[in-house]
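Input: a single structure, listed below in structure tokens.
The values are calculated or read from the model by the stated rules, or taken from the named source; none is laboratory data. Please read these numbers as outputs of a predicted model, since none were measured by experiment. Cβ placement follows ideal geometry from the backbone for every residue including glycine, while neighbour counts extend to all protein chains displayed. Areas reflect the complete protein model, heavy atoms only, side chains present, ligands, DNA and RNA absent. Shrake-Rupley method; radii C 1.70, N 1.55, O 1.52, S 1.80 Å.
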Amino acid sequence: MEKEYARRAPGQVRDAILKVLNEAPAPLSVMEICDRVSAVAGPIPRSSIQSYLSLNTPRLFAREARGIYRSSNPSNLSLPLPRSPEEPLRPPFRIGRATLFHAEALRWLDEQPARSVHAVVTDPPYGLHEYSPTQQKKLRERRGGVWRIPPSFDGHRRSPLPRFTTLTTEQLAELERFFHEWGRKLRPRLVPGAHVFVASSPLLSFIVAGALARAGLERRGEIIRLTTTMRGGDRPKAAHAEFPEVSVMPRSNWEPWLLFREPIEGRVQDNLRKWKAGALRRPRKDKPFGDVIPSAPTRRAERALAPHPSPKPQAFLRQVVRAALPLGEGTVLDPFAGSGSTLAAAEAVGYASVGLENDTEYFDLACDAIPKLARYAPTTTSRSRH
Ligand SMILES: C[S@@+](CC[C@H](N)C(=O)[O-])C[C@H]1O[C@@H](n2cnc3c(N)ncnc32)[C@H](O)[C@@H]1O
């Protein structure tokens, strides 16, 4: 076995370990790494795997606990970095108390001062690759990919929606790694007690929640945004008539918003005094912030102000953003700003905010949309589809 192992090309075992760790949804024990590497690269003694791990830690691998490893460098991940590094950055856009940066979230976080963010409200790319350059090109050219036009039952034209049931096991593992890395980079920038609201999907929220908990954020609940989303997949494709009493999956009438908190220092009251964070702001003095928020799909008038593929409605966002700063003091961050709707909501409720958007087209769109969305008066009538 040793002989066979010695004949391998230089770096082959190290690369196989890296691949195995990059594909795993969670850190692995030495034994698990050994089994998986042996399965792809032929039998390798555990002692050799152990010495490769020791030799390359912390450069390539990180020790999570005794005998437990993960890949250490986020550049090992095939992260969605939709903008080519040569493309010039737009200058920051500022309006009122909001600032939007044309920036990639993980890189930007690396450069921020410690404990400078008091809350996060964000709607990240749920499946990651729907905002990759390839998928965005397909969306913009209306050539399909992960973006599908949901079936129309009432003659209205539907907006494209990403289909998450198409994600492969590898893409799901990458999703876990991305959100774990994001959580790890975010945490030092958060003040103790900072709340983190993350929009998700019923199909993927368990992965994102697990990754953020693994990064050390404290799970505080889940907000249910009551809204009907046109996820499609209700009836068997091309066999509606044959199976008239069948639903392929439940019709989605809610959207999960994961709620996490950076661990507090001492008691909540001390944390509130020192860091202005650690709790949620009540909608009224006599009413606690609740975890079910009636909402509706983003209305057509609002979508016209912010023509992004996944706009969240102001009526909902303003409630969440307001709750995110218990004393109304501090800065709300949206690292995946899209049309800038979180920044607009922050403007509308009088909070300071910072947003990041990596895609140049969406950055430009947001600069135009933020002031309009901030002034937008949500109504409760006239429904249009998300
Ligand atoms: C789901 S959309 C947010 C939509 C937003 N909630 C709205 O109402 O318009 C996610 C956004 O994150 C951006 N994005 C994806 N990966 C990013 C990254 N690594 N850094 C910064 N922005 C990123 C995408 O271009 C996309 O506009």
Practice task
Please work out which one of (1) under 22 Å from Ala346 (Cβ atoms); (2) open to solvent by less than 70 Å² (accessible area, probe 1.4 Å) is the condition Asp291 fails and give its number.
Solution key: (2)
Completion exercise
With criteria (1) surrounded by fewer than 19 Cβ atoms within 10 Å (Cβ to Cβ); (2) over 19 Å from Ala173 (Cβ atoms); (3) at pLDDT below 85; (4) within 13 Å of the ligand (Cβ to nearest atom), Ser78 comes up short on (2)
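Among the listed residues Ala114, Ala62, Ala119, identify the single one that is over 16 Å from the mean Cα position of the chain (by Cα), away from the ligand (no atom under 14 Å from the Cβ), open to solvent by less than 40 Å² (accessible area, probe 1.4 Å) and at pLDDT 65 or above.
Numbers: Ala114 fails: open to solvent by less than 40 Å² (accessible area, probe 1.4 Å); Ala119 fails: over 16 Å from the mean Cα position of the chain (by Cα).
Step by step, each of Ala114, Ala62, Ala119 is checked, and only Ala62 is over 16 Å from the mean Cα position of the chain (by Cα), away from the ligand (no atom under 14 Å from the Cβ), open to solvent by less than 40 Å² (accessible area, probe 1.4 Å) and at pLDDT 65 or above.
For every residue, the table says whether it meets (1) within 16 Å of the ligand (Cβ to nearest atom); (2) modelled with pLDDT under 80; (3) part of a loop (DSSP other than H, G, I, E, B); (4) of a type in the set (Phe, Trp, Tyr).
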site: Ala16; (1), (2), (3), (4): no, no, no, no
site: Asn22; (1), (2), (3), (4): no, yes, no, no
site: Met31; (1), (2), (3), (4): no, no, no, no
site: Asp35; (1), (2), (3), (4): no, no, no, no
site: Val40; (1), (2), (3), (4): no, yes, no, no
site: Ser48; (1), (2), (3), (4): no, no, no, no
site: Arg70; (1), (2), (3), (4): no, yes, no, no
site: Arg83; (1), (2), (3), (4): yes, yes, yes, no
Handout entry: Single residue of region 286-301 satisfying the filter (free of Cβ contacts under 8 Å to residues at least 40 places away in the same chain and of a type in the set (D, E, K, R)) that is nearest to the ligand (Cβ to nearest atom)
Key = Lys287
Handout entry: Selection within region 277-301 - of a type in the set (D, E, K, R) and not in a strand (DSSP E or B)
Key = Arg281, Arg282, Lys285, Asp286, Asp291, Arg299, Arg300
Handout entry: Qualifying helices (runs of 4 or more DSSP H) (wholly inside region 302-386; at least 2 residues being of a type in the set (Phe, Trp, Tyr) and either near the ligand (Cβ under 9 Å from one of its atoms) or free of Cβ contacts under 8 Å to residues at least 60 places away in the same chain (or both))
Key = 360-375
Handout entry: Pick from region 294-316, criterion of a type in the set (Lys, Arg) and surrounded by 20 or more Cβ atoms within 10 Å (Cβ to Cβ), ranking: modelled with the highest pLDDT
Key = Lys312
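Based on what the data block shows, is His240 in a loop (DSSP other than H, G, I, E, B) and either under 17 Å from Val121 (Cα atoms) or open to solvent by less than 80 Å² (accessible area, probe 1.4 Å) (or both)? Outline the logic, then answer.
Numbers: in a loop (DSSP other than H, G, I, E, B): yes; either under 17 Å from Val121 (Cα atoms) or open to solvent by less than 80 Å² (accessible area, probe 1.4 Å) (or both): no.
Against the criterion (in a loop (DSSP other than H, G, I, E, B) and either under 17 Å from Val121 (Cα atoms) or open to solvent by less than 80 Å² (accessible area, probe 1.4 Å) (or both)), His240 does not qualify.
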Problem - Count of residues meeting criterion [touching a strand residue (DSSP E or B) at 6+ places or on another chain (Cβ under 7 Å) and either closer than 11 Å to Leu18 by Cα or in the same structural domain as Glu176 (by TED's automatic domain parsing) (or both)] in region 37-59 - result: 1
